[in-house]
1. Exposure proxy check: 75, 196 ranked by fewest other beta carbons within 10 Å?
2. So how far, in whole Å, is the C-alpha centre of region 192-235 from the one of region 97-154?
3. Taking 0.36 nm per residue of separation and subtracting the Cα-Cα distance, what length does fully extending residue 102 through residue 225 add?
4. Kindly put 152, 142, 213 in sequence by how many other C-beta atoms sit within 10 Å of each C-beta, fewest to most.
5. What percent of all Cα-Cα pairs in region 188-238 falls into each 10 Å bin, going from 0 up to the bin containing the maximum distance?
């Protein structure tokens, strides 16, 4: 697994799949503040994309919030805040978090909350080197989640395929992403990821695609600049 792929699979969970986060935060600041300390990535994906269908989605939303609050739980007693969620050991906390996310992903498969739980589980699996489990969870989300989440799952699954050496499968998914942009994965973002994949065999061609995308001060240009920095092509024609 090369440095770039490993970094994408392990950094900031699935939030790194959304390069337009900067614009989204500024446009939805009140929603971002809604859950406070819950992971910003979850807020962005869970609150800003679709309107909720009241009762049932409120139930799912609360189930997701409860699952993610485990991340904030302490280990051992907390005399300063006796009502705070705590666990006796890190192992107990990890097991509770895993169970909550698995239950959420299974019970609410096909919903945005279920997809978010699946993303966390897939990212955890990738962190542990269990790419087979990450592949399975991202594939399920891609096939069943709402479009915005399915698009992110497609991009993440392509990265897992790349890490597994399934280059042709990764390329197929990324071409689908380019042809079918979504609110969370733009055509430009998918193009950058596809170009990074092609850079392994054609670094000069990859730089040629990315250079025009670096000029404007946007999330896309920042992603293009980052990608260019990871491509070593010193002998390309000017």
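Bear in mind that the values in this text are calculations on the coordinates, not laboratory data. Please read these numbers as outputs of a predicted model, since none were measured by experiment. Counting neighbours? That spans all protein chains shown, and the Cβs are built from the backbone with ideal geometry, glycine included.
1. 75, 196
2. 29
3. 40.6 nm
4. With the fewest neighbours first, 152, 142, 213 line up as 213, 142, 152.
5. Once binned at 10 Å, the Cα pair distances of region 188-238 give 29, 59, 12.
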